Amino acid sequence: MERDGVRLTRFFGGGEDDDGRTFDEIVGWDDARLEMVHDYIQWIFPLPERSGANPWAPVLDAATIAAIRGGAKAQARLRAAFLRMLAFYGFVLESDAVLKGPRFTAASRNWLYAGNHNHLRLTRMLRSLRVLGMEHEAEMLWDALRQLYERESAAGRRTITAETVAFWRQAVTAPLGR
């Protein structure tokens, strides 16, 4: 099997993942498919740590991080994944903020409840964005998620646990070293 960095660099460059899917193809999926398929998120938002949910997914190394951070095409694809997943969760990017979009109520029915696996996906997104050079995007998403948690908690709804918020905070604030 090829080295993880080669697999990821090829994928971010427009090639296929281990299942023959391209980055652009995945970002073009509808919401139902994004929800049903569980092994793509580790490809579009890779981390330097092995995934417990998908241990066969490639892991970032220093050279691959540098290549994705420094590659215009790779950065454009990462940003496209960020925007697609914002839409999946019902958010929109306006100016310099992630906000609830017109589809938020409908989209959030799928993920805004305690223990939902999408909370793990959001943790991965936050950390991957930071690791791969999109710290500002991670901060904007964190601000939206933190505000959502505060509103939900103030309304007495326990849709997001304090433990989840702690993971999100750590993904955005912890040092990036391995």
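A few notes on this one:
- Max mean-square fluctuation residue, GNM over the chain, Cα-Cα springs under 10 Å, options SER51, SER95, SER108: SER95
- Carbon and sulfur %, accessible surface of the chain computed with the full protein complex present, 1.4 Å: 56
- Computed with a 1.4 Å probe over protein heavy atoms only, the accessible surface of segment 7-70 comes to 44 Å² per residue.
- Ordering ALA87, GLY71, LEU60 by Cα displacement along the dipole of segment 10-93 toward the positive end leaves GLY71 in first place; charges were set at the Cβ atoms of Lys, Arg (+1) and Asp, Glu (-1).
- Euclidean distance between Cα centres, segment 75-117 to segment 23-37, Å: 13
- 5 angstrom amide H check on VAL98, placed H, neighbours 5+ away: ALA144
- Between GLU150 and GLU35, the simple spin-label model (points 7 angstrom out along Cα→Cβ) gives 2.9 nm.
- Of the residues ALA106, TRP43, TYR149, the one whose Cα sits farthest toward the positive end of the charge dipole of the chain, with +1 on the Cβ of Lys and Arg and -1 on the Cβ of Asp and Glu, is TYR149.
- Here the sum of -39500 (n - 2.57) over DSSP H runs of 4 or more residues, divided by the residues of the chain, equals -17000 deg cm²/dmol at 222 nm, to the nearest 500.
- Counting every pair of alpha carbons in segment 64-140, the share spaced more than 22 Å apart comes to 25 percent.
- Highest-MSF residue in the chain out of LEU78, LEU112, LEU60 [GNM, Cα springs under 10 Å]: LEU112
- Solvent-accessible area per residue for segment 95-178 (1.4 angstrom probe, square angstrom): 51
- The GNM of the chain, with springs linking C-alpha atoms under 10 angstrom apart, assigns the highest mean-square fluctuation among GLU49, GLU16, GLU139 to GLU49.
- Evaluated with a Cβ-only charge set (Lys, Arg +1; Asp, Glu -1), the chain carries a dipole of roughly 300 debye about its Cα centre, given to the nearest 20.
- Per-q log10 I(q)/I(0), segment 111-152, q = 0.19, 0.23, 0.27, 0.35 Å⁻¹ (Debye; single scatterer per alpha-carbon; no solvent): -0.57, -0.78, -0.95, -1.13
- Table column - 3J(HN,Hα) (Hz), segment 140-151, Karplus curve with 6.51, -1.76, 1.60, x for Gly and Pro: 5, 5, 4, 4, 5, 5, 4, 5, 4, 4, 5, 5
The values are calculated or read from the model by the stated rules, or taken from the named source; none is laboratory data. As the structure is a prediction and not an experimental result, all values here were calculated from the model. In this analysis, Cβ positions are derived from the backbone assuming ideal geometry, glycine residues included, and neighbour counts consider all displayed protein chains. All accessible areas refer to the heavy atoms of the entire protein, side chains included, with ligands and DNA or RNA removed. Shrake-Rupley method; radii C 1.70, N 1.55, O 1.52, S 1.80 Å.
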